[in-house]
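Novice: I have a structure here, written as structure tokens, and I will follow up with some questions on it.
Here, each number is a calculation from the coordinates, and none is a lab measurement. What you see is a predicted model, and the numbers here were worked out from it, not measured in a lab. Cβ coordinates were reconstructed from backbone atoms using ideal geometry, including for glycine residues, and neighbour counts include every protein chain displayed.
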Number of protein chains: 2
Amino acid sequence: MSEALSILNEDDLADVADFRGDGSRKPYFTIGELAKEFDCTLRTLRFYEDKGLINPKRDGMNRVYSRRDRARLKLVLMGKRVGFSLTEIRDMLDLYDLKDGQVTQLRVALNRFNGQISVLEKQRDDIEQAIAELSRTVAVVAGLLRQKEAEEAESEGLLSAASALD
Amino acid sequence: MSEALSILNEDDLADVADFRGDGSRKPYFTIGELAKEFDCTLRTLRFYEDKGLINPKRDGMNRVYSRRDRARLKLVLMGKRVGFSLTEIRDMLDLYDLKDGQVTQLRVALNRFNGQISVLEKQRDDIEQAIAELSRTVAVVAGLLRQKEAEEAESEGLLSAASALD
DNA sequence: CTTTTAGCTTACGTTCACGTCAAGGTCCAG
DNA sequence: CTGGACCTTGACGTGAACGTAAGCTAAAAG
């Protein structure tokens, strides 16, 4: 089992992003620690292992998670938040450790990476559109609210229906 | 059944975004038309109706979708792409047609809108991070590939099995 | 007039992503 | 040495989001 090329290992990626001021630089984690840190259940972590998303070592029976495992988990949860399935996430993670440096393999990987990027860009645009829409609506509602509040303060009388757009 | 206030109806929102040069300004759609347009199944549309996401009128037995229904469907699919559950989406859609103009209701709605906005912003940031990460990786892999190709061109030795696309 | 097309309802099946017991192993404090 | 705390592997259950098949109606097309 050649541990392969591993272009960029997640240690680097996540450890950079996750630089901690405090001195907690633990190299290994138990399943319970990770579950608590990322607010998921033990079952979930075992399930992810079952699906090949994480590969913790063993100390006897017990799972031992490296920083790499932890970083991968982080990516998994990120992926989930933005709507990817676990299998999609596994495929994406697998791209990170290509099994060899064959030229054709690299080409395939590149294509898939780029594909993934455009998917993500589309997704981001969708979200931005949604944000814009919501913001506009917020503005309108806020205006309406101020108006209502003014009315309410002014006349303590009857309420008439004020609008009907359709 | 007072059809209520409906602060911003989706007609406006989506019709703006969806301004078509051609003159196809159909006011009503069949289930099949919508299914084809948005590339989903009839079952899906009926399912969404069951879940209260869309409310087509009926012509006898047959469903008749208005532009409003169509716009809502669009929002549903957008929501799905960015990882929301159908119930979350329904809640968000419900915010669009508030049942009355009570001040407290408006306040509640405003809060939920703003909450939704920050969720979306977080999501967008996640995605942007992922894109950045992937782009960096692409750069690295592309460099590696160029290097490999150069090596290969240099020594015209043996042809080892070059492909295996499983 | 039959067949195709499009739609309907009812209802069971499926996949994903876990939840929830059940039944037990290991180690440490009291 | 006994009770927690923490871990293990099954295995069945569950909610979400549909798929799929069966059997019916109504209209259009050949």
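Novice: Ordered shortest first, which distances in nm separate the 7 Å Cα→C-beta label point of B:Gly143 from those of the other copies?
Specialist: 5.2
Novice: Longer than 18 Å from Cα to Cα, which of A:Lys80/B:Lys122; A:Lys36/B:Lys122; B:Lys26/B:Lys80; A:Lys26/A:Lys57 are they? Say none if no pair is.
Specialist: Among A:Lys80/B:Lys122; A:Lys36/B:Lys122; B:Lys26/B:Lys80; A:Lys26/A:Lys57, the Cα-Cα distance tops 18 Å for A:Lys36/B:Lys122; B:Lys26/B:Lys80.
Novice: Once both labels are modelled 7 Å past Cα along the beta-carbon direction, what's the B:Glu121-B:Ser85 spacing in nm?
Specialist: Simple spin-label model gives 2.6 nm for this pair.
Novice: Using 0.36 nm per residue, how much length does the chain from B:Lys51 to B:Arg112 gain when fully extended, once their Cα-Cα distance is taken away?
Specialist: Gain on extension, B:Lys51 to B:Arg112, equals 19.9 nm.
Novice: For segment A:27-98, what D do you get in µm² per second when you plug the Kirkwood radius from alpha-carbon pairs into Stokes-Einstein at 4 °C and 1.567 mPa s? Write down the numbers at each step before the final one.
Specialist: Numbers: Rh = 12.3 Å.
Reported coefficient: 105 µm²/s.
Novice: If you stretched the chain out fully between A:Glu128 and A:Thr104, how much longer would it get, using 0.36 nm times the residue separation minus the C-alpha to C-alpha distance?
Specialist: Computed gain between A:Glu128 and A:Thr104 is 5.0 nm.
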